[in-house]
Every structure is written in C-alpha cells, then in structure tokens.
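Working notes, structure below.
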C-alpha cells in the first residue's frame, strides 16, 4: 500500500502531464515486450515458412522467381517490423510531453507569483515540481525506449539479411 501512495504522490507532484507520459510509456513498453516475444517465439516459424515456400519452387533463376522471393522476404520483413514505427513515435513523443509538462509547470509558477506577489514560496515550489518531474520522466522514458528500438532495428536487419542469404544459397 505504501508503494501505491508514493506513486500517487509522485503523480500529484508532476501534474496532469505526467499521467500522459505514464500512459505513453506503458503503451511503448507493451509494444517493446510484444516485439521481444515475437522475435523469441514466432519469427523463426515465419522465416521457415518463407524458406520452405522458396525451396519448394523448381525455378530460382527467372525474373518471376526473384519477384516471388522478394515477396516472401517482404512479408517476413513486414511481420518483423510490425509496431516498430509506432514504438519509435512514442519514443519521440515522450520528451515532447516532458516539455509540455515543463511549460505547464512554469505557467503554474507564474500564476502563483501573480496571485501572491511572489510571497508564497511553497506554492511556487509546487509549480517548479510540476515543471521538472515531467521533463525528467519524459527523458527517462525516451532514453529507455531508444535503447530497445535501435536494438530492434538491428535485429530486424540481421534477420532479414539472414533470410535473404539463405534464399540465395541455391
């Protein structure tokens, strides 16, 4: 129960933008985990199906055969790259939401300064907290997502190149 109360306090101190950052981060990590499970459990099966379809053909040299090969590789690539673009968009969105939190927090600070003529430091500190916490949260979410999306890009490239190479061995 103490952890839930601490999380609630953190969200309150960060302001309403922190909820948006938290939601975007949750979706981003759900998509990252989905891709990790795909690479661990399903990709090999799709690549083997494409290889089996290619090796079942007798003609590997004609232009039509190369079109078929390109189609098979493209289908495997499309499955491997599913949701990667959306994940990258969420990675890019996180620091922008943090910046929005900075702006809204500073507006809060300026509102408190205008209302109290700068006399209520405690009220102003709440606005500063709303300005800095979302910025930090957006950057942390973005950096953690960048590490995995760049790794996913490399993995997709390697797996597709491997499939292409296996089809060329004829």
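Side notes on the structure shown:
- Qualifying positions in the range 120-134 - in contact with a helix residue (DSSP H, G or I) (Cβ under 6 Å, 6 or more places away or on another chain), modelled with pLDDT of 80 or more and under 14 Å from residue 10 (Cβ atoms): 133, 134
- Qualifying positions in the range 36-47 - surrounded by 13 or more Cβ atoms within 10 Å (Cβ to Cβ) and farther than 15 Å from residue 151 by Cβ: 46, 47
- Residues of the range 1-28 that turn out to be without any contact (Cβ under 8 Å) to a residue 60 or more places away in the chain and in a helix (DSSP H, G or I), as a count: 13
- Which listed residue is closer than 30 Å to residue 38 by Cβ and modelled with pLDDT under 90, from 117, 170: 170
- In the range 56-70, of all residues being without any contact (Cβ under 8 Å) to a residue 40 or more places away in the chain and surrounded by 12 or more Cβ atoms within 10 Å (Cβ to Cβ), the one that is farthest from the chain's Cα centre (by Cα) corresponds to 57.
- As a summary of the residue check, residue 100 satisfies the conditions (1) closer than 30 Å to residue 49 by Cα; (2) more than 14 Å from the chain's Cα centre (by Cα); (3) modelled with pLDDT of 90 or more except for the one numbered (1).
- Within the range 1-34, tally of residues that are farther than 29 Å from residue 151 by Cα and surrounded by 11 or more Cβ atoms within 10 Å (Cβ to Cβ): 8
The values are calculated or read from the model by the stated rules, or taken from the named source; none is laboratory data. Computed from a predicted model, the values in this text were never measured in an experiment. FYI the Cβ positions are ideal-geometry reconstructions off the backbone, even for glycines, and counts take in every protein chain you see.
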